[in-house]
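Read through the structure below, which is laid out as structure tokens, and then see the notes.
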Amino acid sequence: MIAYHHYINFIPELKNNKKVEGSFFNVITVKESYYPRLHEKLLYELTFFNNQGRDLLLCTDREFARTKDGQLWSFEVKGVVTFFWYSGNLTIEYLSHENFTIELLEYWCLHIFLPIFFTIEEIYDFLHAGAVEVDGKPILFIARSLGGKSTMTDFFMQQGHSMLSDDKVATYKKKGNFLAVPSHPHHRPYREKEDLGFFVKDLMTKSKPIQVIYELEKAKENATIAIIELNGVEKFKSVRYASETNLFFQKQKRFEYLMQMAKIVPVYRVYIPWQLDKLKEVYDEIMHHCKTFLIV
């Protein structure tokens with residue numbers, strides 16, 4: 001497996017965009033479709049979820065189940081764009097809608113569609129996490145909604161750590177290890193709607209084994225920063241809650257994958273006093289713990 005961001009070869013207009021210049025390679029191709037009636041073959045529909053005020057629709061040409069080579073799929077962002085692909089094929093086509101712009105295509109493709117594509121194609125499984133490198137090794141941050149994951153990821157990046165992923169971490173298993181895959185080189189600490197984020201030069205470039213996952217837990221102001229190891233059911237719940245793109249027709253496969261991950265990857269809960277001026281202290285505690293852990 002190679003880096004997630006190495007998969008994309010956008011249409012020429014996007015390749016010339018300064019924000020992404022030089023960061024994508026010709027492995028997956030995203031191009032405009034010349035077959036506007038492709039959707040007529042798609043008999044099965046699944047209303048996916050509403051994201052940033054846009055309704056999302058997943059469709060296929062047969063009953064929902066684990067994908068087969070040649071199966072036709074579409075993913076529609078209502079009013080913006082529909083992506084089409086045949087399973088086993090690394091060419092993705094799109095049809096533009098009334099609100100289409102190049103910027104929206106880029107945002108929806110990179111941040112939302114590709115994790116769904118990689119999941120359906122069983123190339124990667126995703127965790128809703130931020131991830132950075134510490135001494136060349138990936139550590140992940142997971143949290144409940146508004147639990148500080150983006151803030152922590154951003155603070156580590158400000159201290160000079162390479163980014164692995166801003167929000168969705170692609171993972172896969174190889175030779176008994178669970179590897180984290182670098183994402184596309186964009187960072188959105190402010191989470192504005194449909195905004196690609198700013199370009200990140202210092203991005204991890206190779207897939208590497210996940211060293212540790214930190215679950216961030218909100219604590220009272222001025223509480224002592226504490227880091228405790230999770231085991232058993234609590235550990236599995238933590239990893240399961242952080243799973244991304246949970247498709248019902250992949251439920252069994254996903255459950256087995258996360259069970260294996262919970263057995264192998266260490267998970268720690270970090271109790272964080274809910275004050276921005278405590279971030280440096282939290283950073284120091286995690287770094288001290290992480291370095292000791294990585295040495296062991």
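Between amide H atoms placed 1.01 Å from N, distances below 5 Å from Phe48 occur with Leu56, Leu57, Leu58, all of them 5 or more places distant or on a separate chain. Panel note: the C-alpha atoms of the chain, placed on their principal axes, show extents of 60, 41, 34 Å (largest first).
Scanning residues 5 or more positions from Ile142 or on other chains, those with amide H under 5 Å from its amide H are Tyr214, Glu215, Leu216, with H placed 1.01 Å from N in the peptide plane. Residue by residue, segment 229-240 carries 3J(HN,Hα) couplings of 7, 9, 9, x, 4, 4, 5, 5, 4, 4, 5, 5 Hz when phi is fed to the Karplus relation 6.51 cos²θ - 1.76 cosθ + 1.60 (θ = phi - 60°); x denotes Gly or Pro. Straightening the chain between Glu221 and Lys173 buys 13.4 nm, computed as 0.36 nm per residue apart minus the Cα-Cα spacing. Each part gets one Cα centre, and for segment 60-121 versus segment 163-203 those centres are 19 Å apart.
In order along segment 278-292, the phi-based Karplus estimate (6.51 cos²θ - 1.76 cosθ + 1.60, θ = phi - 60°) of 3J(HN,Hα) comes to 9, 4, 4, 5, 5, 4, 4, 5, 5, 4, 4, 5, 4, 5, 5 Hz; Gly and Pro are listed as x. Less than 5 angstrom separates the built amide H of Val134 from those of Ile139, all sequence-distant by 5 or more or on a different chain. The 3J(HN,Hα) values that the Karplus relation (6.51, -1.76, 1.60; θ = phi - 60°) gives for segment 261-270 are, in residue order, 4, 5, 6, 9, 8, x, 10, 10, 9, 10 Hz. Gly and Pro appear as x. Rounded to the nearest 0.05, the FRET efficiency derived from the C-beta distance between Lys280 and Lys253 at R0 = 25 Å is 0.05.
Bear in mind that the values in this text are calculations on the coordinates, not laboratory data. No experiment lies behind these values; they were computed from the predicted model shown. Positions of Cβ are backbone-derived with ideal geometry, glycine not excepted, and every protein chain shown enters the neighbour counts.
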